[in-house]
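Chemist: The structure under discussion is supplied below as structure tokens; questions concerning it will follow.
The values are calculated or read from the model by the stated rules, or taken from the named source; none is laboratory data. Predicted model only: the values in this text are computed from it and were never measured. Cβ atoms come from the backbone with ideal geometry, glycine included; neighbour counts cover every protein chain shown.
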Amino acid sequence: MAKIMDMETKIGRRFEGKVAIVTASTQGIGFAIAERLGLEGASVVISSRKQKNVDEAVEKLKNKGLEVFGVVCHVSNAQHRKDLIQKTVDKYGKIDVIVSNAAVNPSVDPLLRTLESILDKLWEINVKATVLLLQEAAPHLQKGSSIVIISSIAGYNPQPAMAMYGVTKTALLGLTKALATEMAPVTRVNAVAPGFVPTNFAAYITKDEGVAANEEKTLLGRLGTPKDMAAAAAFLASDDACYITGETLIVAGGLPSRL
Ligand code: NAP
């Protein structure tokens, strides 16, 4: 793996006084985004399906001196979504940033042999839950607020073995445009499309010869890190991106995507 520049990232304080919710944020990319927003001054609301994971993630960030609050939220559960928004508003009084990061990839079957129940689950968690969460959040979103949706490089070219997952990520590119139109000018909506990031979700990347093979596909000669994704998400969520909406930022080390 090519050496990552070992320099201390200079982190600003772009989210001072802001309140940020990150879904699926007890590990991996979501956790890194929550940490980054917290380090930049946000009050951060951590969430995922399991109370134990939420507690542990909250503890880790509190130990770094960050202002953090945890709420259990399985994104396809209506009551959980309601709780996530209501408890955030009860505690912090407003919402400035929502990062919609949860996704599943429950099957490696070819499309023509994927069960209807799996197709429904992919749609429900990877696409529909973002819309429903934003319906819940909309009345509380501040002027100048920002949504970041986590799509994937797979959205540009759905690969066999994760084709329907890729298609849901393609849908998020369209969803980003549609929400940006509907929510302007109060709220900006953008997306990040990560490349290969070795997390639990993408364990296949590190299987067998996976690391070297996937590194070679990138122009920068390395896999992505959750912190790489967090830097991009924080940029889009911040006022540095105040004239950007409806866009998707590919953070994939130069993996082929589009011209
Ligand atoms: P990860 O490290 O495996 O983390 C997944 C997180 O999601 C955990 O905190 C998990 O906690 C939570 N979670 C899972 N299902 C959930 C649900 N239904 N509702 C709420 N929380 C849920 O995964 P990751 O790689 O960071 O993936 C994050 C996002 O990046 C996903 O949208 C994925 O599609 C996207 N992405 C990843 C890669 C990659 O190479 N890693 C590439 C492109 C895009 P609990 O178990 O407690 O729920």
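Chemist: Please go through the range 31-54 and give me each residue that is assigned to a loop (DSSP other than H, G, I, E, B) and more than 20 Å from ALA137 (Cα to Cα), ordered by number.
Modeler: To start, the set of residues in the range 31-54 that are assigned to a loop (DSSP other than H, G, I, E, B) comprises 40-42, 49-50.
Once the filter is applied, which keeps residues that are assigned to a loop (DSSP other than H, G, I, E, B) and more than 20 Å from ALA137 (Cα to Cα), the range 31-54 yields GLU40, GLY41, LYS50.
Chemist: So for the range 205-223 (the condition being assigned to a helix (DSSP H, G or I), under 23 Å from LEU172 (Cα atoms) and modelled with pLDDT under 95), does at least one residue qualify?
Modeler: yes
Chemist: OK, next. Of the residues in the range 33-63, how many are crowded, with 24+ Cβ neighbours inside 10 Å and either over 20 Å from TYR92 (Cβ atoms) or of a type in the set (S, T, N, Q) (or both)?
Modeler: Of the residues in that region, 2 qualify.
Chemist: Also: Name the pairs: first residue in the range 131-145 and touching a residue at least 60 places away in the same chain (Cβ under 8 Å), second residue assigned to a helix (DSSP H, G or I) and loosely packed, with under 15 Cβ neighbours inside 10 Å, Cβ to Cβ under 8 Å, at least 6 apart or on different chains?
Modeler: GLY144/ASP239
Chemist: I'd like the full set of residues that are within 11 Å of the ligand (Cβ to nearest atom) and among the acidic types (Asp, Glu), limited to the range 131-165.
Modeler: none
Chemist: Which one of these does THR168 not meet: (1) modelled with pLDDT under 95; (2) within 12 Å of the ligand (Cβ to nearest atom)?
Modeler: (1)
Chemist: Just to verify a result, which residue in the range 38-60, among those that are touching a helix residue (DSSP H, G or I) at 6+ places or on another chain (Cβ under 9 Å) and within 13 Å of the ligand (Cβ to nearest atom), is farthest from ILE21 (Cα to Cα)?
Modeler: LYS60
Chemist: Another question, then. Being outside any strand (DSSP E or B) and either within 16 Å of the ligand (Cβ to nearest atom) or at pLDDT below 95 (or both) is the filter; apply it to the range 14-30 and report the residue that is surrounded by the fewest Cβ atoms within 10 Å (Cβ to Cβ).
Modeler: Applying the first criterion (outside any strand (DSSP E or B)) to the range 14-30 yields 14-18, 23-30.
Now restrict to residues that are either within 16 Å of the ligand (Cβ to nearest atom) or at pLDDT below 95 (or both): 23-30.
Numbers: THR23: 27, ALA24: 29, SER25: 31, THR26: 23, GLN27: 17, GLY28: 19, ILE29: 29, GLY30: 29.
Looking at residues that are outside any strand (DSSP E or B) and either within 16 Å of the ligand (Cβ to nearest atom) or at pLDDT below 95 (or both), I get GLN27.
Chemist: Here's something else I'd like to know. Mind listing whichever residues of the range 146-161 are assigned to a loop (DSSP other than H, G, I, E, B) and either in contact (Cβ under 8 Å) with a residue 40 or more places away in the chain or under 19 Å from TYR243 (Cα atoms) (or both)? Walk me through it before giving the result.
Modeler: Restricting attention to the range 146-161, the residues satisfying the condition of being assigned to a loop (DSSP other than H, G, I, E, B) are 151-152, 156-161.
Within the range 146-161, SER151, SER152, TYR156, ASN157, PRO160, ALA161 qualify.
Chemist: Additional query: Being within 20 Å of PRO226 (Cα to Cα) and either touching a residue at least 60 places away in the same chain (Cβ under 8 Å) or more than 13 Å from the ligand (Cβ to nearest atom) (or both) is the filter here; which residues of the range 173-206 pass it?
Modeler: ASN190, ALA193, PRO194, GLY195, VAL197, THR199, ASN200, PHE201
Chemist: Here's something else I'd like to know. Checking the condition modelled with pLDDT of 95 or more and either acidic (Asp, Glu) or more than 15 Å from the chain's Cα centre (by Cα) (or both), which residue from LEU175, LEU132 passes?
Modeler: Details: LEU175 fails: either acidic (Asp, Glu) or more than 15 Å from the chain's Cα centre (by Cα) (or both).
So the residue among LEU175, LEU132 that is modelled with pLDDT of 95 or more and either acidic (Asp, Glu) or more than 15 Å from the chain's Cα centre (by Cα) (or both) is LEU132.
Chemist: Answer yes if at least one residue in the range 55-68 is over 29 Å from GLY221 (Cβ atoms), touching a strand residue (DSSP E or B) at 6+ places or on another chain (Cβ under 6 Å) and part of a strand (DSSP E or B), and no otherwise.
Modeler: yes
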